[in-house]
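Asks: Okay, here's the structure, questions in a sec.
Nothing in this text is a laboratory measurement; each read-out follows from the coordinates by a stated rule. Please read all numbers here as calculations on a predicted model, not as lab measurements. Quick reminder, even Gly has a Cβ in these numbers, built from the backbone with ideal geometry, and neighbours come from all protein chains shown.
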Amino acid sequence: MYLVFTLSQLKKLFIILLSLLPILTIAQIRTGFRGGMNLANFVYRPSADWERKGTGALMFRFNAGLQLEIPLNDDDNWFLYTGPYYNGKGNRVRAKYRTPHFDTIITSLNYIELPLTVGYKIHSENNSRIFAGAGIYTAYGFKGRVEYHGSPERTKFNLHRKDSYYKRFDFGFSVSGMYEYKEKTGIRFDYSRSIPDISRNKWKETNNVFSLSFFWYLPGKL
């Protein structure tokens, strides 16, 4: 059920991208790079009584990749932001097993993510801009690792395989805010949340990520 639903969502995303091609051919696209830090955890509903419902502890990850800015109107205030980038996600949780000791379980997931964020940009007198927007994303998971501190022999790799813990694809919603200085560099804040269950286990888990990143644009436009 999940795989069919995911493929359906991906098809819709590609249709949206194709519908934007006429805009892309005439738009003044700015190309840049982004990179920064994530605070990530899981929101989950556990299946065992010894696990606490709610969220895991936040853990540090990072993000890096492309940032494309595409104007959507002639007034230069509505924009589409997209561009593939690496987005690290994961979770940290302390769990008690049948043995007396505690394990800290650290899950590190890796994604190549493609966002589609639409929003409004406010211009200021000193040629700086403030942007606020929202949208969707789709992501492809690869590699990944779960570490059991206190029981290192249980560490697992390649978590997105069919016989492992997590599903390959993720998608969800996001909100973004940016401050751009003199049309060259800036800082951005993003929040994203998975919509479907990313886990193959009995309990439901979704990605929850706060991001703080810097970005800079290349000279000129495409």
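Asks: Which cross-chain or sequence-distant (5 or more) residues have an amide H under 5 Å from the amide H of Arg200, H modelled 1.01 Å from N in plane?
Replies: Amide H to amide H, under 5 Å and 5 or more residues apart or across chains, Arg200 pairs with Tyr166, Lys167.
Asks: Would you mind ranking Met178, Met37 so that the residue whose beta carbon has the fewest other beta carbons within 10 Å leads the list? Let's see the in-between values first.
Replies: Details: Met178 24, Met37 14.
Ranked by crowding around the Cβ, least crowded first: Met37, Met178.
Asks: Further question: Rank these for me by crowding, Ile130, Ile136, going from fewest to most other beta carbons within 10 Å.
Replies: Working: Ile130 14, Ile136 19.
With the fewest neighbours first, Ile130, Ile136 line up as Ile130, Ile136.
Asks: Still on this structure, I have one more. Once phi is turned into θ = phi - 60°, what whole-Hz ³J(HN,Hα) does the Karplus curve with 6.51, -1.76 and 1.60 give for every residue of the range 137-148, x standing for Gly and Pro?
Replies: 9, 10, 9, 10, x, 8, 6, x, 8, 10, 10, 10
Asks: Now a separate question. Per residue of the range 31-36, in order, report the coupling 6.51 cos²θ - 1.76 cosθ + 1.60 (Karplus, θ = phi - 60°) as ³J(HN,Hα) in whole Hz, putting x for Gly and Pro.
Replies: Whole-Hz 3J(HN,Hα) from phi for the range 31-36: 10, x, 10, 9, x, x.
Asks: Need one word for the range 174-214: rounded, prolate or oblate. Basis is the Cα gyration tensor (sqrt eigenvalues a ≥ b ≥ c); a/c below 1.5 gives rounded, then a/b vs b/c decides. Could you put the intermediate results ahead of the total?
Replies: Details: a/c = 5.52, a/b = 4.38, b/c = 1.26.
Here the range 174-214 falls in the prolate category.
Asks: Longer than 32 Å from Cα to Cα, which of Lys143/Lys204; Lys143/Lys182; Lys89/Lys184; Lys143/Lys202 are they? Say none if no pair is. Write out the running numbers ahead of the final one.
Replies: Values: Lys143/Lys204 20 Å; Lys143/Lys182 39 Å; Lys89/Lys184 28 Å; Lys143/Lys202 21 Å.
Too far apart for the 32 Å limit: Lys143/Lys182.
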